[in-house]
Amino acid sequence: MAALNNLTEHLEAFVDVTRSPTHHAESLKAIATSLEKGVLSINQLVVEMDMYLTTTDDVVRARGSILLLAEMLDYLKSKPLDNAVVHSLIGFFTAKLAEWRSVRGALSGCLALIKRKGVAGVVTAVDAEAVAKSMAQSIQVQSLALYDRKLCFELLECLLEQYPEAMINLGDLMVYATCEAIDGEKDPPCLMIAFHVVELLARLFPSPSGPVASEASDLFEFISCYFPLHYTHTKGDEASIPREDLSRGLSLAISSTPFFEPYAIPLLLEKLSASLPVAKVDSLKCLKDCAVNYGVSRMKKHYKDLWPALKDALYASTKTDLSFGLESLTSPGFEMGEIHREAVNLLQRLVKQDISFLGLVVEDIRVNMVFDTISRYLRYEEMLDTSKLEVLVVSQILSVSARSSVESCNIIFETFFSRLMNTLGIVEKTSPGDLVHNENSTVSTRLYHGGLHLCIELLTASKDLIPSSEECTSTPESAQQSWCSIVNRFSASLIEAFTSAVQSSNDDCSADAYLGVKGLLAMGMFRGGSSPVSRSEFEKILTTLTSIIAANSAKTVKWELALKALVCMGSFIDRYSESEKAMSYMAIVVENLVSLVRSSHCSLPHPMILEATSEVCSTMPTYVEKMVEGFEEAFCSSFSDFCVSLGPMTLDRKVFTIVSVSISNKQGIESFLISNYYLENTCQVNGNFKSIENCSQLLECVTNKLLPRLTEIDGLEKSLVNFAISMWNQIESSIVFSYDFNGREFVEAAMKTMGEIVGVASVDSQNSIIQKAYNVISSSTLPAMESIPLTVAALEGLQRNLSTRDELILSLFASVIIGASPKASIPDVKSLVDLFLVSFLKGYIRAAQALGSMINKLVTGSGGTNISTDCSLEEACDIIFHESDSSKTICGSETFLGKICLGFCGSLDLQTRAITGLAWIGKGLLMRGDKRVNEIALVLMECLKSTNSSGNALHPSAMKHAADAFLTLMSDSEVCLNRKFHAVIRPLYKQRFFSITVPILESLIVNSQTPLSRTMLHVALAHVVSNVPVTVILDNTKKLLSVILEGLSVLSVDSVHKETLFSLLLVLSGTLTDIKGQQSVSDNAHRIIECLVKLTSYPHLMVVRETAIQCLATLLELPHGRIYPFRREVLQAVTKALDDPKRRVREEAIKCRQAWTSISSRSTPF
Amino acid sequence: MVSGLINENPIVYEIKERRDVRAYSSNTDELSVDAIDQLEVFDHIRDIKDPEHPYSLEQLKVLTEDSVEVDDTKSRVRVTFTPTVEHCSMATIIGLCVRVKLMRSLPSRYKIDIRVAPGTHATEAAVNKQLNDKERVAAALENPNLVEMVDECLSPSFE
């Protein structure tokens, strides 16, 4: 009963028009829920609504009752209802359709009921028929409002879709009703449905004596007036239904029934000849739909009109500039507009559907005239625009027709190809294998560009028609492939012609080369066994292209074209797995190029050979293998060019042995270095700078071209690991290097390649590389360095640098260690730690990085649970920090390394190296989340104070290194300790370091004694702050803001800190916009503006000025009262920036100035 | 006021491609100076809307790149614009818009000259005089209706 009470309330609420729509929706919802739950039945509801349904007040009756009932039914779509209920309801709504006041409710009621699906109780066919009849008789659709019209169309659509039989019974009536409803409709959503209704009607009455057939003319008249669609009001409606969708709907409606044909085609042809581009596109699309649906026999009548119209469209939409560039080698070479594309589609459709259409094409006078045009001009540029157009369009028409079907291709080739060949002077092959061509007849070949273009288009079109090998076996090869035999007859001469086109080309005219290469490419891309190009001819193409690559000495267009063509053919062979062609490709292209790489003496510059080889070979895995082998050999041979291998140098080997013995007797490092020096100077080595350069280029090629494609190419990893090992072999077998000129570059390249190869290799391969490298290093003179005691005197005594060989070995070994994963086993860790320690104190940063990586990846725990390593993290740390007291682990300022850093002992050089090294070790520890990093940070911060604990002043250079150490610690490094090199990375390690160091740095800044120390502390802080994730900064904006601002003003003094300044400024700009920082930014607005105003004239870095101005513009988001007082200041600064030397700054200044002007009074417009 | 538009059906031209400022100057070094040049000044004024059509002055060929003359060392700019029709009463408004836009965009050291292309306007001399008279420009910008109109034309529009 309570439900009923509420019901009355809700009903009242819904009926009351003065209430808000949300109110209505609420009460509707409430009633619907109670119905759905079964608290209330439909019958009860109707009884309760009795008064509203029968009242004489039109508004209440229409709105309250009928609409309510209708919307209710819409809610209950899935609730099963009794058939009797449905029947009586639909009867009620059907009757109400006649009453115009309640028509909306009646329509939505009918619609809701008709839409009901099987299980939930449906409207019977008889009732549906009644609805349709009532609707057709009593509703005048076009007199209704927009929403009601839409309901009408939806109802029609639904009826036709769900009750086709009932609607067929109604026959004419439905067609009349539809015609009447559509007439004059202008609203896109309604039209969309209306077009669909027409389509449904057409489907319902396919018989030629049916109502659609008899009313076709009227019906078509009503829909054709919309063609071509044009939106007059672009703003509002377009959002609901895009023009494209509506136009597609219209096109489907027009093409829905063949009965429209006599009216549609003439109309479309007329519209096609219009000048409006939209009309052209729409009619072409629509014509294509019609061609599909109307059938060949009906379309045939119009061919005579259709063909000229289509041809005109093609002519009008083609532009005459043909591109001879690299990018168009695999595309048509000219721009395709939408009209053009649609015209091509239509042509293809027509030819495919009915071969007799082709007759019109073949007999067309314009098409036939093109052969005269071709032979009139030799070069494309010489042609008149009209001739260019002629050639382009005709080749387009012919190639599209040829592409449509095998049959059409045969006809086109039979009719035109021989003629074309005649024009070009290309001669047929008389007997297989033997050519008519002799020395004299080649002269007769006339390379008309237009003709070549046409020829290439035809060949490219035909190649798609060759069935793949599987299809080939199922369909018997018959005469239907006659085009194949035609091409076959000419293939040899064609290839020759294209070849001569390429060869005759010179640099200032790329057209010859382009057409030649494109032609060769087209000839080379025929698929499968039934290809008209024989294997020997295919090989000839490859040979020609390869020789172009090998013969050129500079990067010309021809060279690039040939390379691209080869790559295309390579990937084509791979895609269709053509084993026979792959073999030819391997033998001709790959082998030749690889042998070019191997021989360092050829006319082609080395980088170009490498580029060509890597591009071509990466098309198939087998080629890659071959290439890496070639690279290996090339590396070895050029490497041995600039270093002396052990073999022939027996005398020096003796000296070396003596020296080694003397070292092993530990007679001192000095003697070893001297003897090494002696060796280098006595050996007369013909240092070949070119080979060094070749070597480094080769390594760069491996790193840049091959490594990134590792995942795409199978088996590449294995070959690369072999490559790395053979690099070590090569180094092992040579003693002395003679390089100084390009040496640095080579070492860099070698380190990079080695590191990256190790980085991508599997753990097993890593182990084998490490083992190999370790063997090399232990046979070298480097182990002697391990035994150097870690005392200042010993380190200072080590004045002379390492020999070049040792340096190379050390750097490469460091790279191996950097790239190794934590799971790889490293032998003899303890002595390696010693070695790296001594080397970085000697100034080899790579060693410090390697040490950091090692520390990062070693297992923790005493004794070493992992059998692969003989040393735990703790032990390694003990060695590094060299404690006197081994009972507890410390790494702070008490340690030897700490003391050097703080300048207690040793020279300045040693100090700065120690600081840099410490930073890398610290980074390794920091990333794995080890506590020891805190003490390292303390040492580094100690270095930033102006004096150390014993009162000695620290050198500025040491302080600078210490400040930069924070950058090393916090930033993501490219060269080591990153994901690529398998670093152990604890999450949030940056945040942790931030929270430890920032408070200390802040207090140090407050207490700093000298300006220098203050600046350096700010630099360190800036490094930390700018490398931490933004969210951390935003959480701490309040605390950080003032120190950031101070930092900005301190750093802006010296141009040395410009990069740091910029990154700090970016941090500030990040806080300005965020909601979290807003409050503190607002509080500090005056300081921020003051600081930014100063930076707008920062002379050393443009981006600083630009960002500062952008920040000023963002500040306008702050409350007006906070910023208004500063507008004069800001405007002054920004006005000055209008005269900035850099354009980008000026642009920002204009925007910023405008924004700030608009907050001040309106009386100053400028 | 005249009812209806002065030029009801203007010819709309295709516009030139724009120079990407960032690509243009990012690789130059810190010390190099990008002098204010013809194209930069043209960039400032090309998007000004015509007072009576939803097209930019560039689209209507009222302004072209060549209509701007710049001498950065002597701090001079001269803009010569071509009204679409000879009797165009909007010429002064267009000139005023160009002047305001340039005053907002160029450093204050510049002297800005604005004139109607010779022979393209019925009252050429009068318009030129009006546009280059400091007092009259200032007075015009006191007029709230004019300012509103100018702002409307300068508002970053359709692109």
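In the stretch A:1045-1078, of all residues being under 10 Å from A:VAL1019 (Cα atoms) and aliphatic (A, V, I, L, M), the one that is nearest to the chain's Cα centre (by Cα) corresponds to A:LEU1064.
Rundown of residues vs (1) at negative phi; (2) crowded, with 20+ Cβ neighbours inside 10 Å; (3) outside any loop (DSSP other than H, G, I, E, B), yes/no style:
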residue	(1), (2), (3)
A:LYS1058	yes, no, yes
A:LEU1066	yes, no, yes
A:GLY1070	yes, no, yes
A:LYS1076	yes, no, no
A:VAL1081	yes, yes, yes
A:ARG1087	yes, no, yes
A:LYS1094	yes, no, yes
A:SER1097	yes, no, no
A:HIS1100	yes, no, no
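Considered as a group, the residues in the stretch B:94-103 that are within 14 Å of chain A (Cβ to nearest Cβ) and touching a residue at least 40 places away in the same chain (Cβ under 8 Å) include one that is nearest to the chain's Cα centre (by Cα), and that residue is B:VAL98. Among residues that are closer than 21 Å to A:SER404 by Cα and charged (D, E, K, R), A:ASP364 is included. Assessment of the stretch A:826-840 against the conditions (surrounded by 17 or more Cβ atoms within 10 Å (Cβ to Cβ), under 22 Å from A:LEU698 (Cα atoms) and either at pLDDT below 85 or within 45 Å of the chain's Cα centre (by Cα) (or both)) yields no matching residue.
In the stretch B:118-144, what residues are buried (at least 17 other Cβ atoms within 10 Å of the Cβ) and within 14 Å of chain A (Cβ to nearest Cβ)? Listed by number, the residues that qualify are B:VAL137, B:ALA140, B:LEU141. Take the residues in the stretch A:74-91 that are polar (S, T, N, Q) and in a helix (DSSP H, G or I), then tell me which one is nearest to A:GLY38 (Cα to Cα). Here the answer is A:ASN83. Condition (residue is more than 14 Å from every other protein chain (Cβ to nearest Cβ) and in contact with a Gly (Cβ under 9 Å, 6 or more places away or on another chain)) applied to the stretch B:60-81: is it met by at least one residue? Yes, the conditions are met somewhere in the stretch B:60-81. Among the residues of the stretch A:752-770, are any at pLDDT 80 or above, part of a helix (DSSP H, G or I) and among the basic types (Lys, Arg)? Checked the stretch A:752-770: at least one residue is at pLDDT 80 or above, part of a helix (DSSP H, G or I) and among the basic types (Lys, Arg). Exactly one residue out of A:ILE42, A:ILE90 is surrounded by 16 or more Cβ atoms within 10 Å (Cβ to Cβ) and in contact with a Leu (Cβ under 6 Å, 6 or more places away or on another chain), and it is A:ILE90. Against the condition surrounded by fewer than 19 Cβ atoms within 10 Å (Cβ to Cβ), among the β-branched types (Val, Ile, Thr) and either without any contact (Cβ under 8 Å) to a residue 40 or more places away in the chain or under 21 Å from B:ASP34 (Cα atoms) (or both), how does B:THR82 come out, does it pass? Judged against the criteria, B:THR82 is not a match.
Tell me, yes or no, whether the stretch B:109-117 has at least one residue that is within 10 Å of chain A (Cβ to nearest Cβ), among the basic types (Lys, Arg) and either free of Cβ contacts under 8 Å to residues at least 60 places away in the same chain or surrounded by fewer than 19 Cβ atoms within 10 Å (Cβ to Cβ) (or both). There is at least one residue in the stretch B:109-117 that is within 10 Å of chain A (Cβ to nearest Cβ), among the basic types (Lys, Arg) and either free of Cβ contacts under 8 Å to residues at least 60 places away in the same chain or surrounded by fewer than 19 Cβ atoms within 10 Å (Cβ to Cβ) (or both). Checked against (1) crowded, with 19+ Cβ neighbours inside 10 Å; (2) within 14 Å of another protein chain (Cβ to nearest Cβ); (3) touching a residue at least 40 places away in the same chain (Cβ under 8 Å), A:ALA1155 passes all but condition (1). Please work out if A:ARG341 is touching a Lys or Arg at 6+ places or on another chain (Cβ under 6 Å) and closer than 29 Å to A:ILE265 by Cα. Judged against the criteria, A:ARG341 is not a match. All told, A:VAL367 falls short of being surrounded by 17 or more Cβ atoms within 10 Å (Cβ to Cβ), in contact with a Ser or Thr (Cβ under 8 Å, 6 or more places away or on another chain), free of Cβ contacts under 8 Å to residues at least 60 places away in the same chain and not in a loop (DSSP other than H, G, I, E, B). For A:ILE725, the test of being part of a helix (DSSP H, G or I) and not polar (S, T, N, Q) is passed. Per the listing A:ALA1149, A:ALA1108, the residue uniquely part of a helix (DSSP H, G or I), among the aliphatic types (A, V, I, L, M), touching a Leu at 6+ places or on another chain (Cβ under 6 Å) and within 13 Å of chain B (Cβ to nearest Cβ) is A:ALA1149. Exactly one residue out of A:ASP1074, A:ASP1140 is within 14 Å of another protein chain (Cβ to nearest Cβ) and not β-branched (Val, Ile, Thr): that is A:ASP1140. Counting only helices (runs of 4 or more DSSP H) wholly contained in the stretch A:262-359, the ones carrying 3 or more residues that are buried (at least 20 other Cβ atoms within 10 Å of the Cβ) and aliphatic (A, V, I, L, M) occupy A:277-294, A:303-317, A:338-353.
When A:SER78, A:SER34 are checked against the criterion of being surrounded by fewer than 14 Cβ atoms within 10 Å (Cβ to Cβ) and either within 53 Å of the chain's Cα centre (by Cα) or within 23 Å of A:ARG116 (Cβ to Cβ) (or both), a single residue qualifies: A:SER78. Surrounded by 15 or more Cβ atoms within 10 Å (Cβ to Cβ), modelled with pLDDT under 90, more than 30 Å from A:ALA824 (Cβ to Cβ) and among the acidic types (Asp, Glu): is that true of A:GLU1002 in this structure? No, not satisfied.
Looking at the stretch A:1114-1136, is at least one residue touching an Asp or Glu at 6+ places or on another chain (Cβ under 7 Å) and either within 14 Å of chain B (Cβ to nearest Cβ) or within 30 Å of A:ASN1036 (Cα to Cα) (or both)? So far as the stretch A:1114-1136 goes, no, none of its residues is touching an Asp or Glu at 6+ places or on another chain (Cβ under 7 Å) and either within 14 Å of chain B (Cβ to nearest Cβ) or within 30 Å of A:ASN1036 (Cα to Cα) (or both). Residues that are in contact with a helix residue (DSSP H, G or I) (Cβ under 6 Å, 6 or more places away or on another chain) and within 22 Å of A:SER510 (Cβ to Cβ) were ranked within the stretch A:370-426; the one that is surrounded by the most Cβ atoms within 10 Å (Cβ to Cβ) is A:ILE374.
When B:LEU39, B:LEU96, B:LEU60 are checked against the criterion of being at pLDDT 85 or above and under 24 Å from A:THR1157 (Cβ atoms), B:LEU96 stands alone in meeting it. Can you confirm whether A:ILE1075 is over 30 Å from A:HIS955 (Cβ atoms), free of Cβ contacts under 8 Å to residues at least 60 places away in the same chain and among the aliphatic types (A, V, I, L, M)? Considered against the rule, which asks whether it is over 30 Å from A:HIS955 (Cβ atoms), free of Cβ contacts under 8 Å to residues at least 60 places away in the same chain and among the aliphatic types (A, V, I, L, M), A:ILE1075 comes out as yes.
The values are calculated or read from the model by the stated rules, or taken from the named source; none is laboratory data. Just so you know, these numbers come straight off a predicted model, no measurement behind them. Ideal geometry is used to build each Cβ from the backbone, glycine not excepted, and the neighbour counts take in all protein chains shown.
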